[in-house]
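Here is the structure we will look at, set down as structure tokens.
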Amino acid sequence: MYKLARRFLFALDPEYAHDLALNSLGLAAKLGILKPPLSSQQLTPRTVMGLSFPNPVGLAAGLDKNAAHIPGLAALGFGFLEVGTVTPRPQSGNPKPRLFRLPEAEALINRMGFNNQGVDALLSNIRSCKHQGILGINIGKNFDTPIERAAEDYLSAFKRVQGLASYVTVNISSPNTQNLRKLQGASELKALLGALASLRDECGRSQGRHTPIAVKIAPDLSEAELDDIADILLSEKMDAVIATNTTLSRDEVKGLAHSQETGGLSGRPVRARALAVIQALHKRLGGKLPIIGVGGISDADSAKAALDAGASLIQIYTGLIYRGPTLIDEICRALD
Ligand SMILES: Cc1cc2nc3c(=O)[nH]c(=O)nc-3n(C[C@H](O)[C@H](O)[C@H](O)COP(=O)(O)O)c2cc1C
């Protein structure tokens, strides 16, 4: 069934197809046509970051940037959803076209640039859908906030979203916002995460509820950089790490149409690198901090490989575009 839908969707402009698919999903959920697969509800729940996840398969950030499609996505059987990246103020992102398919490699290249309607719109969407499941909110900085003042954006976004988030993801790894990845540098990271941890703990004390923070990192880091990051995540008392975002490398897609487009590459070509990052983090963290694995997961084997490498949970994005929603059922069945 999805093969047919995919043939139709892939004949359309990628970003238009993306919006059409999400809107159709919402309609199907409203009409009661969509039912989460049984397999997604039959697994033993896992406790990660102090939260109980009905299954370990989550939606990665970027597909639902404004939290406008939660009911449709929830009906697919995900164990958790991550919405965003949201920035404090709305912004339109980079000029179109900014999303490209590389079907031979089951990959995408995107340079969306955090196109989103801002925190206010996201919060109002979340309030109106009354979602009961686990919801991560992924935050970033506005493109026109100078990098030296990035912490102000993260702190203001955290403050606004924490009351409605099961956990908050700090995205410092998108390749499409100038200099954003510099925040992964040791001194910048320590300062940013230290400030966020203080705010998290202050909010926790005043509200009697701890909102965990996950930090999302890039796949394009050396082993030494990964070790430094792992140490800082522990010293600044973060709650989880998400590995990984898209890659700037084109080694795996040389010669393919669109491979030279600027942006982050996702899907099958990032799988091996994401797995290596999960392994390196697992070794350094020694089980002291949960890892959420993401990057190129597109079948039961790649999902199992990420979990075996040390991930407690996984997320998917590009695999969903190429394989369709039955991917969630396929993975959950294999984990049963
Ligand atoms: C079109 C597109 C938009 C994305 N937008 C975001 C984003 O806003 N924030 C973020 O943290 N990650 C974003 N990502 C990265 C994904 O969440 C994920 O980390 C990455 O694509 C690797 O997983 P995958 O191979 O399953 O797609 C985006 C990915 C794609 C393909």
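Coordinate-derived values only; no laboratory data. If you're wondering where the values come from, they're calculated on a predicted model, not measured in any experiment. Neighbour counts are summed over all protein chains in view; Cβ atoms, including those assigned to glycine, are modelled from backbone coordinates with ideal geometry.
Between the alpha-carbon centres of segment 51-95 and segment 235-306 there is a gap of 18 Å.
Taking Cα centre as origin and charging only the Cβ of basic (Lys, Arg, +1) and acidic (Asp, Glu, -1) residues, the dipole magnitude of the chain rounds to 640 debye. For L4 and S52, the difference between the fully extended length at 0.36 nm per residue and the C-alpha to C-alpha distance is 13.7 nm.
Converting phi to 3J(HN,Hα) with the Karplus coefficients 6.51, -1.76 and 1.60 and the offset θ = phi - 60°, segment 281-297 yields 5, 4, 5, 6, 7, x, x, 7, 9, x, 10, 9, x, 8, x, x, 7 Hz in sequence order, with x at every glycine or proline.
Inter-label distance, A257 to E223: 4.0 nm, where each label sits 7 Å from its Cα along the C-beta direction. Label reach from I33 (point 7 Å along Cα→C-beta): in segment 74-95, amide nitrogens under 18 Å belong to 74-77.
Listed values for segment 274-279 are Karplus-derived 3J(HN,Hα) couplings in whole Hz (6.51 cos²θ - 1.76 cosθ + 1.60, θ = phi - 60°), namely 4, 5, 5, 5, 4, 4, and x replaces Gly and Pro. For segment 95-126, the residues whose amide N sits under 17 Å from a probe point set 7 Å from the Cα of D13 along the beta carbon direction are 95-101, 109-113, 115-116. With contacts taken as Cα pairs under 8 Å and at least 6 residues apart, segment 2-335 reaches a relative contact order of 17 percent.
Projecting the Cα atoms of V241, G113, N179 onto the charge dipole of the chain, computed from C-beta unit charges around the Cα centre, puts G113 farthest toward the positive end.
Ignoring aspartates and glutamates fewer than eight residues from K237 along the same chain, the ones with Cα atoms less than 13 angstrom from its Cα are D201.
Let me make sure I get this right: for the chain, a, b and c are the square roots of the gyration tensor eigenvalues over alpha carbons, sorted descending. Under 1.5 in a/c it's rounded, otherwise prolate if a/b > b/c, else oblate. Which is it?
Values: a/c = 1.26, a/b = 1.18, b/c = 1.07.
In terms of gyration-tensor shape, rounded.
Put simply, the amide H of G62, placed in the peptide plane, has neighbours under 5 Å in G84, T85, leaving out anything fewer than 5 places away on its chain.
Less than 5 angstrom separates the built amide H of T169 from those of I137, N138, I139, A214, all sequence-distant by 5 or more or on a different chain.
One chain, two ends: N23 and S92. Fully extended at 0.36 nm per residue, the span grows by 22.9 nm beyond their Cα-Cα distance. Taking each of K35/K130; K159/K190; K190/K216; K141/K182; K141/K288 in turn, the alpha-carbon distance tops 23 angstrom for K141/K288.
Would segment 129-183 count as rounded, prolate or oblate if I go by the C-alpha gyration tensor, calling it rounded below 1.5 in a/c and otherwise prolate when a/b exceeds b/c, oblate otherwise?
Here segment 129-183 falls in the prolate category.
Shown in residue order for segment 251-259 are the 3J(HN,Hα) couplings computed by the Karplus curve 6.51 cos²θ - 1.76 cosθ + 1.60 at θ = phi - 60°: 3, 7, 10, 3, x, 7, 4, 6, 5 Hz (x for Gly and Pro).
Pull out the extension gain between K304 and A191, defined as 0.36 nm times the separation in residues minus the alpha carbon to alpha carbon distance; nm, one decimal. Don't jump to the answer; show the numbers that get you there.
Working: separation 113, 0.36 × 113 = 40.68 nm, distance 3.49 nm.
Extra length available between K304 and A191 comes to 37.2 nm.
Quick check: from the Cα gyration tensor, does segment 1-145 come out rounded (a/c under 1.5), prolate or oblate? Since a/c reaches 1.5 but b/c is at least a/b, the shape of segment 1-145 is classed as oblate.
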